[in-house]
2 protein chains.
Amino acid sequence: MALYVQKYGGTSVGSLERIDSVVKRIDRCLASGHHVIVVVSAMAGETDRLIDLGLALGAQGGEREMDMLMSTGEQVSIALLALALKAHGHASRSYLGSQVAIRTDDAHTRARIIDMDTKRLSADLDDGVVPVIAGFQGVGPDGEITTLGRGGSDTTAVAVAYALSADECQIFTDVDGVYTADPRIVPNARRLDAITIEEMQELSSLGSKVLAVRSVEFANKHRVPLRVLSSFVEDDNQNTGTLITHEETVMEQPLVSGVTYSKDEAKITFVGVSDEPGVASDILGPVGDAGIEVDMIVQNTALDGRTDFTFTVRRGDFAQAMQLVREVRDQVGGREVVGDDGIVKLSVVGVGMRSHAGVATTMFKALAQEGINIQMVSTSEIKISVVIAERYLELGLRCVHSAFGLDT
Amino acid sequence: MALYVQKYGGTSVGSLERIDSVVKRIDRCLASGHHVIVVVSAMAGETDRLIDLGLALGAQGGEREMDMLMSTGEQVSIALLALALKAHGHASRSYLGSQVAIRTDDAHTRARIIDMDTKRLSADLDDGVVPVIAGFQGVGPDGEITTLGRGGSDTTAVAVAYALSADECQIFTDVDGVYTADPRIVPNARRLDAITIEEMQELSSLGSKVLAVRSVEFANKHRVPLRVLSSFVEDDNQNTGTLITHEETVMEQPLVSGVTYSKDEAKITFVGVSDEPGVASDILGPVGDAGIEVDMIVQNTALDGRTDFTFTVRRGDFAQAMQLVREVRDQVGGREVVGDDGIVKLSVVGVGMRSHAGVATTMFKALAQEGINIQMVSTSEIKISVVIAERYLELGLRCVHSAFGLDT
C-alpha cells in the first residue's frame, strides 16, 4: 500500500470528459489499495483567459490582484474534480493552497514555498478521503493569495509529496514521458524509462517543457521520487512513463541522455571593448538591475587590448537589454553593439559525459557536417550548449540526436 | 464627507466596458470627497455557468465543493475591479469573504452571516484605499468557504454597511429603483422616490426581484440606510433611485405602495378531509420533513365534518409534494388530492392599509370587473395576496395597479 501524489495538468482536466478520465485513473489506483492525494492545474486555457482579462484592465503594479484573479482557475478545477470523485462514490475534499497552509513568501505572481501543514491531509488519508489540492497557489505572510509562477502546479505536487513522504510524485501530462528529444521535431526520438534527476534538471532549465525547472530542483534537493506519465493512456500497464531517479549509476549509462533546445533566446555582442577589469560588470550591471536574466556569457581572449563580449537574454527582454547596453557604450569604450534574436540554444545532457571525453567533438562534428555554424558554446559538468541560427534548429537537433546513437 | 457601501450586481460588472463604467462612478463619488467600499457579484452568467459544470459532474451532497466552485465568480470580479481602479489611479485592494472575516454558520450554499471584522477595511479607508469585497461568500467555522444563497451579495453589502456604520448602502442594479409594479407588465408603473423598509420587505418576499429578501430583513433589523439605483444611468443627478426609509410616516402615505407577483407557485388541495385536530399536521408534516417550503395555507369552515385543505409550494417542489400528500391520503381520510401549477400570486403592499379599511374590497372588485376568479386569499398587516390563474397575471396586475391610483 503506497501513497501517491498525482498531479494533473491543464489538458488533463481540460473538459468534463477529461475530468471523468482522471476520476477513473484515481479509482483504479485506490482499488489497488493505494492512497492518493491529487494536485490539479487550471483547466487548459483558463489561466490565459484570466490573464488576458486582467491585462485588458491594466495589470501594472497589480500583482496581488493578478494572483487573486489567476488562482480562481485552480479553485474551479479542484471543486469539479472533488465533485466528480464524490459522484463516483469516493469521499473527497478540495483544498485551496491556504487551506493546507502552503505558506510562501510575499513575492506575488512568483512566490516560493516556505512550508506547509500536513494535518488535514493526514487526517483525510486516515479517513479514506481523497484530498484534491489546488496547484500553483499558496498563502503569503499576511494571508494573501500568492501564485508560484508558470509551472507552479508541478512544484506544489513535489512539495506535497515531500511533506507527506509520498512513495512517488506522479506528474500526469499530455506526453507519456521524457524523450531523448522533442518527438515533434525528431520523429525517431525515444522515450526514456529512467533519467537521473540531475539530467532532468538540466533538461528543464535548457528548455524542455515536460517538468517545470523549480519542481525538479525541489525534488532533487529533497530526494522526492518523481515520475512523468501520460493522462491520455488508459492502460496503466502501458503507462509507466519516465522515472526520475536519484541514483547516479543507471546500468549502461549512455553518454548522452537527451537533446533539447530553447527558442526563447537572443544574443547581444559588444564589439571591441577594452580588455580591462570591470568592463563585464559595467556592461551587465544595468541589465541585471533592470531584472533581466542573463544566460550564457562568452568573452574571447583579447587581441591588441580589445575583445568581444557576448551574452544571451530572453527574447522578450531583447529590446530593453539592447537599449541599456547602448547607454554604457561610451563608458566601456566599445566600438559597436550588435544584436540577434534569430538564434536558438541546442543542448546535449548526460551524466555519462562526466567520465567520457569527446562528447563536444562528436556534437561539433555532427553540426559541421550539416554546415551549421556554432556561434557560442557553453559547457557544464553534464551538458554542452551551443547557440546556432534559428533556421538550423530542426536539422541540428536531428543530426546531434543521431550522432549520439539516440535514434530508435 | 460620507461613507457609501456600493454594491454592483452581475450585469453591472458583466463586461470590461461595464467595469469601466463602475470605475467612473466610483471615481465621481471619491472626487466629491466621499469614502467608498465596493461589494460585487460575479459577472452576469458566471454563477450559472459554474453551477452547470458542477451539476454535470453530480453535485449531490457536494455543497462544500459547490461553494468552493461558485465563490470563484465573485473572486474574479473583485480582482478585475481592483485592477481597473488601480489603472485609473486609485489605490484599491480586493478582499475575499474570508479576508475580511465575513464569518458565517456552516450551512453550505445557504449560510448566514454571524459577524465580520472591520479592521482591514477601516485601515484602508484611513489610507485612501478603495476596498473591493466579494459578495455572496463568507468563511465558515472551520475556515471553509461558504456562500449565502441567491441574492447573497445584497446581504453582504448591507452587512458591510452595518459593520462600518456607512451613511448609505447603495444597491446598483439594472433598474433605476423600486416601481409600483413591474414596468415590463404594467407600462404606466411609477418609480417610487421612497418606500418604507417594511413595505420593501413584503415586496421582496412576495416576488419582487429588486432586492434579495434577506438583505432587506437585515437592513430592517439593523436600520441600515438603503437605496436602489441604476448602474446604467451615467448622470448622478438623474439617478436618485429609491430610498428605503426607516420612518413609518412618509408624507401623504398612499394606501398601497406597490403591486407585485410571483409566478413560482403551485397549489395542492386535499378535498374532503376529516375536520379533526391533527389533520393539518398529518398532511404538512411529511412535506416539511422533506425540506419543502409551504407558503399559503387555507382551510375553510367544515361542512358535515369534512373540509377542503389547500396549500401552496414552489413549482420545483410541486411533483414531490403531490407524491408525499398522496401517501398520507388514507391516513387522513381525504377523498381526493388535486394539484395545479398554473397559478400565480398577486399581492398589494402598503403601510397605508393598516389604518384604512376597504383595501381588500377595492382589490377584489377590480379583479371581479375583469372576470378574474380569486382562488385563495391571504392577508397580513400591510399586504393582501390572492392566487389567480396564471393566464390572468398581466391583466390582474394592471387592473389592480390602476384601481389603487398608482398609474402615472
Within the protein assembly as shown, helix-based [θ] at 222 nm, where runs of 4 or more DSSP H residues each add -39,500 (n - 2.57), nearest 500: -10500 deg cm²/dmol
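Assuming 0.36 nm per residue, please report the length gained on full extension of the stretch A:ALA357 to A:ASP235 beyond their Cα-Cα distance.
Full extension of this stretch gives 39.7 nm more.
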Under-5 Å amide H pairs with A:GLY258, H placed in peptide plane, nonlocal only: A:VAL349
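Below 10 angstrom from the Cβ of B:SER205, what's the summed charge of the other residues (Lys, Arg +1; Asp, Glu -1)?
-1
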Within straight cross-link reach of A:LYS263, meaning Cα distance under 21 Å, which lysines are found once same-chain residues fewer than 8 apart are removed? A:LYS209, A:LYS345, A:LYS383
Across the identical copies, how the B:LEU55 labels are spaced - nm, sorted shortest first, 7 Å along Cα→Cβ: 3.5
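Where both residues lie in chain B, what percent of DSSP beta bridges are antiparallel, nearest 5? All intermediate terms of the calculation are to be shown ahead of the outcome.
Values: 44 of 71 bridges.
Counting DSSP beta bridges with both partners in chain B, the antiparallel share is about 60 percent.
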In whole Hz, the Karplus estimates of ³J(HN,Hα) for segment B:157-168 (6.51, -1.76, 1.60; θ = phi - 60°; x where Gly or Pro) are 4, 5, 5, 5, 4, 5, 4, 9, 6, 5, 6, 7
Calculate how steeply helix A:46-57 sits against the longest principal axis of the alpha-carbon atoms of chain A, using the helix alpha-carbon long axis, and give the answer as 0 to 90 degrees to the nearest 10. 60
Relative contact order of chain B, defined on C-alpha pairs under 8 angstrom at six or more residues apart (%): 13
Specify the residue with the greatest mean-square fluctuation among B:LEU85, B:LEU96, B:LEU57, computed from a Gaussian network of chain B linking alpha-carbon atoms under 10 Å apart. B:LEU57
With Rh as the Kirkwood radius over Cα pairs, segment A:259-403 has Rg/Rh of 1.00
Which of A:LEU229, A:LEU203 comes first, and how do the rest follow, when ranked by fewest Cβ neighbours within 10 Å? A:LEU229, A:LEU203
To check you understand DSSP bridge types, tell me what percent of the beta bridges within the protein assembly as shown (both residues inside) are antiparallel, rounded to 5. 60
If you put a point 7 Å past Cα along the Cβ direction, how far is that point for A:ALA31 from the same point in each other copy, in nm, smallest first? 6.6
If packing is taken as the average number of other Cβ atoms within 10 Å across a peptide's residues, how do B:289-297, A:188-196 rank, most packed first? A:188-196, B:289-297
Taking a spot 7 Å from the Cα of B:ARG184 along the direction of its beta carbon, which residues of segment B:382-408 have an amide N less than 14 Å from it? B:394
Closest approach to the axis - chain A beta-carbon, rotation onto B, Å: A:THR72, 2
Using the number of other C-beta atoms within 10 angstrom as an exposure proxy, rank B:ASP304, A:ASP341 with the fewest first. B:ASP304, A:ASP341
Applying the Karplus parametrisation 6.51 cos²θ - 1.76 cosθ + 1.60 with θ = phi - 60° to the phi angles of segment B:396-408, what ³J(HN,Hα) value in whole Hz is obtained for each residue in order, glycine and proline being reported as x? x, 4, 5, 6, 6, 3, 5, 4, 9, x, 8, 5, 6
Amide H neighbours of A:ARG93 under 5 Å, at least 5 residues apart or on other chains, H built in the peptide plane: list them. A:VAL130, A:VAL132
With a 10 Å Cβ neighbour count serving as the proxy for reagent exposure, in which order, fewest first, do A:SER230, A:SER262 appear? A:SER230, A:SER262
R0 = 25 Å: FRET efficiency of B:SER380 with B:ASP264, Cβ-based, nearest 0.05? 0.85
Pull up all non-local amide H partners of B:THR245: gap of 5 or more, or a different chain, and H-to-H distance under 5 Å with H placed in the peptide plane. B:ILE195, B:THR196, B:ILE197
Take each of the peptides B:206-212, B:274-280, B:39-45, average the number of other beta-carbon atoms within 10 Å over its residues, and list them starting from the highest. B:39-45, B:206-212, B:274-280
Karplus (6.51, -1.76, 1.60) ³J(HN,Hα), θ = phi - 60°, over segment B:15-24, in Hz, Gly and Pro reported as x: 8, 4, 5, 5, 4, 4, 5, 5, 4, 5
P(r) tail fraction, segment B:3-174 - alpha-carbon pairs more than 25 Å apart, %: 27
For chain B, find the longest principal axis of its Cα atoms and tell me its angle to the long axis of helix B:213-222, 0 to 90°, nearest 10. 70
Given label points at 7 Å from Cα along Cα→Cβ, what nm distances, shortest first, separate B:LYS365 from the same residue in every other copy? 11.3
Given the pairs B:LYS119/B:LYS221; B:LYS221/B:LYS365; B:LYS267/B:LYS365; B:LYS7/B:LYS86, which span a C-alpha to C-alpha distance of over 27 angstrom in this model? B:LYS221/B:LYS365
Jot down the per residue volume, in cubic angstrom and as a whole number, of the convex hull over the alpha-carbon atoms of chain B. 158
Rounded to whole Å and sorted largest first, what semi-axes of the equivalent ellipsoid does the C-alpha gyration tensor of segment B:180-287 yield via the square root of 5 times each eigenvalue? 36, 17, 14
What does the convex hull of the Cα atoms come to per residue for the protein assembly as shown, in Å³? 203
Antiparallel as a % of all DSSP beta bridges within segment B:3-174, to the nearest 5? 20
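All of the numbers you see were taken from the coordinates with simple rules; none came from a lab. The shown structure was predicted, so the numbers you read here are calculated from the model rather than taken from an experiment. Neighbour counts are summed over all protein chains in view; Cβ atoms, including those assigned to glycine, are modelled from backbone coordinates with ideal geometry.
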